[in-house]
1. Note down the net charge around ALA320, summing +1 for each Lys or Arg and -1 for each Asp or Glu among other residues with Cβ under 14 Å from its Cβ.
2. Say R0 is 25 Å: what FRET efficiency, to the nearest 0.05, do VAL110 and TYR291 get from their beta-carbon distance?
3. Can you pull the one-decimal nm distance between simple spin-label points at LYS100 and ASP79, each 7 Å off the Cα toward Cβ?
4. At q = 0.20 Å⁻¹, what log₁₀ I(q)/I(0) does a Debye calculation on the Cα points of region 1-132 give, no solvent, two decimals?
5. Rg and Dmax in Å for region 1-58, alpha carbons only: what are they?
6. Pull up all non-local amide H partners of LEU249: gap of 5 or more, or a different chain, and H-to-H distance under 5 Å with H placed in the peptide plane.
7. Quick one: GLU304, GLU95, GLU225, fewest Cβ neighbours within 10 Å first, how do they rank?
8. Once Rh for region 191-233 is found with the Kirkwood sum over Cα pairs, what is the Stokes-Einstein diffusion coefficient at 20 °C and 1.002 mPa s, in µm²/s?
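Where a number appears in this text, it was derived from the coordinates with a stated rule and is not lab data. Note that the structure is a prediction, hence the values are computed from the model and not measured. Positions of Cβ are backbone-derived with ideal geometry, glycine not excepted, and every protein chain shown enters the neighbour counts.
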Amino acid sequence: MAVIHTDAVVIGAGPCGLFAVFELGMLNAQCHVIDILDKPGGQCAELYPDKPIYDIPAIPSLTGQQLTANLLEQIAPFDPVFRLNCRAESLEALEDGSWKLTTHTGDEFVTRAVVIAAGAGSFTPRRLPFAEARGYENGKGLSYAVRDADQLAGKRVVIAGGGDSAVDWAIVLAGRAASITLVHRRNEFRAAPGTLAKLQTLIADGTIDFQVGAISALHGQEHLEQVELKSADGSRQLPCDELLAFYGLVASLDEINSFGLTMQNGQIAVDTATFETNLPGVYAIGDIAVYPGKLKLILSGFHEAALMAHHAIKQIRPDARNTFQHSTTAMQVRLSKEKTAC
């Protein structure tokens, strides 16, 4: 458990949250970014990494993963601090006008600006639907994400799912794990063509064992030992040390609903001049924000981030003189200061 003091905390590392870091960084505000996922990018990186996006100004087309990479490069000069695999759980007003945001790990952030860019909410893995599954989580053989690939070396790994995560990890772990069995309901996958070609090659040469079916039960004493596969031919047992279940993500607003915000149909009501919520110093941008005429577009979220930052800086440094500058001037000033410091 730690207490961290920072200028702003951004909840959500999707495109709008990342651009909020840029806009705040341009105003010399230090940001910490919290996200429940294990990497930045939000839905773009986790669910649609190869989906083309066509409405980013001056960029005819790019994928969700490319957009994420570009945004991370853009904010790198501002040294944001990321807390991934981290969920915001409570928000408490302090007497001096600051906020204390507590995460599920017990860490506390003390800040004068909280920016909620949580999209549709806090994403959590879609879990296996049978009761015994919970007992195999937390290091006992069942995982919904890969935290350390080295720990899977030499293990009998079963990967369940048909999307990018399942396919990518099957390829990455092939040759490192003792065996890889990929399980999916049908002989079709959602992944980039080049990735699918690699997968088919590894299946053809026997490096990856592909099985059509669904996981129907788990077996083992203290640790997972077997998974039960149900298919058109009946049920059978597969030896398994580690099961990686990639069934997608589900969004939850449970934590945000406890913050005391004004909500409208699952979104946070904001003032469109500042994107401040009903709580002073707490802002909402992106898909989570609602106002008359709202469009759920990344482009709209970028606009919201800019307006938010220019109001939030007044909360962060109420006594400072804040002068609007175009990006060319602001970055030249910043780079000049960095050179002087060196």
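1. +2
2. Details: r = 29 Å, r/R0 = 1.15.
The computed FRET efficiency comes out at 0.30.
3. Computed distance between label sites LYS100 and ASP79 equals 2.7 nm.
4. These q points yield log10 I(q)/I(0) values of -1.14.
5. 13.4, 44
6. ARG126
7. Lowest to highest Cβ neighbour count: GLU95, GLU225, GLU304.
8. Translational D for this selection: 170 µm²/s.
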